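The values are calculated or read from the model by the stated rules, or taken from the named source; none is laboratory data. Everything numeric here is computed off the predicted structure, so don't read it as measured data. Here the Cβ positions follow ideal geometry from the backbone for every residue, glycine too, while neighbour counts run over all protein chains shown.
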Amino acid sequence: MAGGVRATCGGPLARLLILAVLHVNFVALGLEPDFLFPLENVTIAQGRDAMFTCVVNNLGGYRVAWIKADTKAILAIHEHVITNNARLSVTHNDYNTWTLNIRGVKREDRGQYMCQVNTDPMKMQTAFLEVVIPPDIVYEETSGDMMVPEGGSAKLVCKARGFPPPKILWRREDGGDIISRGGPQGKTKVLSLEGEVVNLTKVTRSEMGAYLCIAANGVPPSVSKRIMLHVHFHPLVQVPNQLVGAPTGTDVTLQCHVEASPKAINYWTRENGEMIISNDKYQMGEINSSAYSVQMRLLVRSIQSNDLGGYKCISKNSIGDAEGNIRLYEVELPNRKPKVEDERSSILNEINDVRSSLQGPLREGGPRTAEDAGFLGGAAPHPAPRFTPPSMFLIIALLHAAC
């Protein structure tokens, strides 16, 4: 019997009796349920989990209920979920705190939520659940890559969805200016433009390139789409040097600058129309300068007389063709004396230098030697023996060599 009483005391009926007693006691004492903290608004990104926490003191035998205020739908009473939504749950810390949990929040979960106590009159507090959505490009309504003729117009459109509604910003991928024409201020250049639509008029080849539409609404991450604008035009060939001279036996490089869109086929010919192909004699190459311009180069190795004459650089695309002309001529090197003559001239200059040093300076003033004194009437001394200095043998040898 005692065991049965204990079982009954621990069952649901016993808990209801306890709550009823507490309720009577709270009423007798004049203690009413009250909210300890306000219910706080929640802003959450779609797909994340959200929760509201309601703290009630002196609950007694009353019940806490959760209600979707804007639809008046009862979500849960105490810990029991009423609505048919598997993403909702309620937890209770067995004291005074009730928490409403919403897993994987969706856009339709947005709205006002109420924590309510069934007193008379009813007590409640509310909070708002804001569900934000990162931006997303609406590709079916957004422009793709496009082609326009030079001088034509292009309309770039970018649509995005999300909450709050995203703002659209346009930039050029290369950091260049976006050129706007036809407005009240005429032609203007800006680094960025805001809005879903960008109208480009009288498009030039310099406006060719990738344009980025960037959608942002403060909810990360921002998204963007790359739109390539192709501007088509007739090939243009510019020749920096139409006359190129070089000595025979040397290498020379011929150059042409080409602008074309769509991409052109570029090649070289001789003036008689013979096409040039890469081999041991010729080497052709191209260097890209931009999306529509290249530098054509033709290297001619060890030029000979038959390499002189006219050369053509030709560019062709689907719109048209163009060509440039270059003439290669021979440049003669300055004449130089043969090496033997240079050596002979050097030897003669050395001989003249030696002769000048042997003659010595011209004498001025009175007699300075015995020979001079005899010439002037004095007694003539015995003549000194004469000999050929060793340096004279060198001079004679150099003279023979020079002759």
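So, residue 302, is that one closer than 30 Å to residue 332 by Cα, small (Gly, Ala, Ser) and either surrounded by 15 or more Cβ atoms within 10 Å (Cβ to Cβ) or at pLDDT 95 or above (or both) or not? Step through it out loud before you land on a result.
Working: closer than 30 Å to residue 332 by Cα: yes; small (Gly, Ala, Ser): yes; either surrounded by 15 or more Cβ atoms within 10 Å (Cβ to Cβ) or at pLDDT 95 or above (or both): yes.
It is true that residue 302 is closer than 30 Å to residue 332 by Cα, small (Gly, Ala, Ser) and either surrounded by 15 or more Cβ atoms within 10 Å (Cβ to Cβ) or at pLDDT 95 or above (or both).
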Looking at (1) at pLDDT 95 or above; (2) not assigned by TED's automatic domain parsing to the domain that holds residue 214, which is the one condition that is false for residue 122? (1)
Among the residues that make up segment 52-71, is at least one of them within 30 Å of residue 221 (Cβ to Cβ) and modelled with pLDDT of 95 or more? yes
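When you look at residue 253, is it surrounded by fewer than 19 Cβ atoms within 10 Å (Cβ to Cβ) and at pLDDT below 95, yes or no? Let's see the steps before the verdict.
Numbers: surrounded by fewer than 19 Cβ atoms within 10 Å (Cβ to Cβ): yes; at pLDDT below 95: no.
When the stated conditions are applied, residue 253 does not pass them.
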Is it the case that some residue within segment 27-36 is at pLDDT below 80, surrounded by 12 or more Cβ atoms within 10 Å (Cβ to Cβ) and in contact with a Gly (Cβ under 9 Å, 6 or more places away or on another chain)? yes
Determine, yes or no, whether residue 194 is more than 28 Å from residue 285 (Cβ to Cβ) and of a type outside the set (Lys, Arg). yes
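Working only within segment 172-227, note down all residues that are in a strand (DSSP E or B), in contact (Cβ under 8 Å) with a residue 60 or more places away in the chain and among the β-branched types (Val, Ile, Thr). Please lay out each step first, then the result.
Taking segment 172-227 first, the residues in a strand (DSSP E or B) are 172, 178-183, 186-190, 192-194, 197-200, 209-216, 223-227.
Applying the additional criterion that residues be in contact (Cβ under 8 Å) with a residue 60 or more places away in the chain yields 209, 213, 215-216, 223-225, 227.
Of everything in segment 172-227, those that are in a strand (DSSP E or B), in contact (Cβ under 8 Å) with a residue 60 or more places away in the chain and among the β-branched types (Val, Ile, Thr) turn out to be 223, 227.
Can residue 67 be described as assigned by TED's automatic domain parsing to the domain that holds residue 39 and within 54 Å of the chain's Cα centre (by Cα)? Spell out how you get there, then give the answer.
Values: assigned by TED's automatic domain parsing to the domain that holds residue 39: yes; within 54 Å of the chain's Cα centre (by Cα): yes.
Answer is yes for this residue.
Would you confirm, using the coordinates I've provided, whether residue 173 is among the acidic types (Asp, Glu) and surrounded by 14 or more Cβ atoms within 10 Å (Cβ to Cβ)? Write out each step before concluding.
Working: among the acidic types (Asp, Glu): yes; surrounded by 14 or more Cβ atoms within 10 Å (Cβ to Cβ): no.
No, not satisfied.
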Expected single match for farther than 19 Å from residue 38 by Cα, modelled with pLDDT of 95 or more and not assigned by TED's automatic domain parsing to the domain that holds residue 43 among 104, 144 is 144
Counted residues in segment 53-62 being out of contact with any Pro (no Cβ under 8 Å at 6 or more places or on another chain) and under 14 Å from residue 125 (Cα atoms) come to 3
Cβ pairs under 8 Å, 6+ apart or interchain, first in segment 87-107 and of a type in the set (Gly, Ala, Ser), second part of a loop (DSSP other than H, G, I, E, B), ordered by first then second residue, are 89/103; 104/47; 104/48; 104/49; 104/87
Pairing a residue in segment 272-291 that is aromatic (Phe, Trp, Tyr) with any residue that is at pLDDT 95 or above, where Cβ atoms lie under 9 Å and the two sit 6 or more apart in sequence or on different chains, gives 282/268; 282/276; 282/298; 282/299; 282/300; 282/301
